[in-house]
1. Do you know which residues across segment 1-52 are in a loop (DSSP other than H, G, I, E, B) and of a type in the set (Lys, Arg)?
2. Checking the conditions here, which among Ser148, Ser96, Ser102 is in contact with a His (Cβ under 7 Å, 6 or more places away or on another chain) and either within 24 Å of Glu6 (Cα to Cα) or open to solvent by less than 60 Å² (accessible area, probe 1.4 Å) (or both)?
3. Take Arg23 and decide whether it is in contact with a Gly (Cβ under 6 Å, 6 or more places away or on another chain), surrounded by 10 or more Cβ atoms within 10 Å (Cβ to Cβ) and modelled with pLDDT under 80.
4. If you take the residues in segment 54-89 that are in a loop (DSSP other than H, G, I, E, B), of a type in the set (A, V, I, L, M, F, W, C) and open to solvent by 80 Å² or more (accessible area, probe 1.4 Å), which one is modelled with the highest pLDDT?
5. Can you pull out the residues in segment 111-154 that are assigned to a helix (DSSP H, G or I), free of Cβ contacts under 8 Å to residues at least 24 places away in the same chain and of a type outside the set (Lys, Arg)?
6. Does segment 1-33 hold any residues that are among the charged types (D, E, K, R) and closer than 12 Å to Arg87 by Cβ, and which are they?
7. Could you list, ordered by first residue, the pairs with Cβ atoms under 7 Å in which the first is in segment 4-32 and closer than 22 Å to Ile99 by Cβ and the second is open to solvent by 90 Å² or more (accessible area, probe 1.4 Å), at least 6 apart or interchain?
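The values are calculated or read from the model by the stated rules, or taken from the named source; none is laboratory data. Keep in mind that what you see is a predicted model, and the values were worked out from it rather than measured. Quick reminder, even Gly has a Cβ in these numbers, built from the backbone with ideal geometry, and neighbours come from all protein chains shown. In case anyone asks, the SASA skips ligands and DNA or RNA and just uses the protein heavy atoms, side chains included. Shrake-Rupley method; radii C 1.70, N 1.55, O 1.52, S 1.80 Å.
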Amino acid sequence: VKIQIEFNPALVSEYRLIGYENRLLAEEDFNNDKVDAGDIGAGHQVTALYEIMPVGANGWLDDRHFPANRPKGNSSMGGEFAHIKLRYKLPEGDTSRLIERSLTQRLDTADLPSGDMAFAIAVGAFGQKLRGDKYLGSFDFGDIERLSGNGGDFWLQEFRQLAQLARSRS
């Protein structure tokens, strides 16, 4: 399976993939069926989290020097903020199949994460915190625990206990 995402620079000034550093693929290898990226077994799923800075938000990078490299602040792509391509091979297959989708949710009116999305983001933040990620700033284990939500299934309860333990040890 290979996933490629292209963000609209008119709406997204900066982005970074959380985790998967060891699975990065050269852009030119996306269409090359001889280059593998990762295996996902039938019935399994993978979550990729991106941290996105909308145009106008304070990000991690200094402003670009050349005007052509600066975000424009308006979309000429009908409100698309990203375009996703996914390539996959069937078991025992040699030729990949392509799925493409555009993401059109407005970033400036998006709801705060809740439910499963908040849980996934909390797990990603937990991993970042354990690795000492410099971009988390003052976001701590207590914040991660609060983000994960209340109640929930067995896995959420287990995660909350792990976050509480990490908070008590930090």
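1. Lys34, the sole residue that qualifies.
2. Ser102
3. yes
4. Phe66
5. Across segment 111-154, the qualifying residues are Asp116, Met117, Ala125, Leu136, Asp143, Ile144, Glu145, Phe154.
6. Result: Lys2, Asp29, Asp33.
7. Between residues of segment 4-32 that are closer than 22 Å to Ile99 by Cβ and residues that are open to solvent by 90 Å² or more (accessible area, probe 1.4 Å), the close pairs are Phe7/Tyr15; Asn8/Met77.
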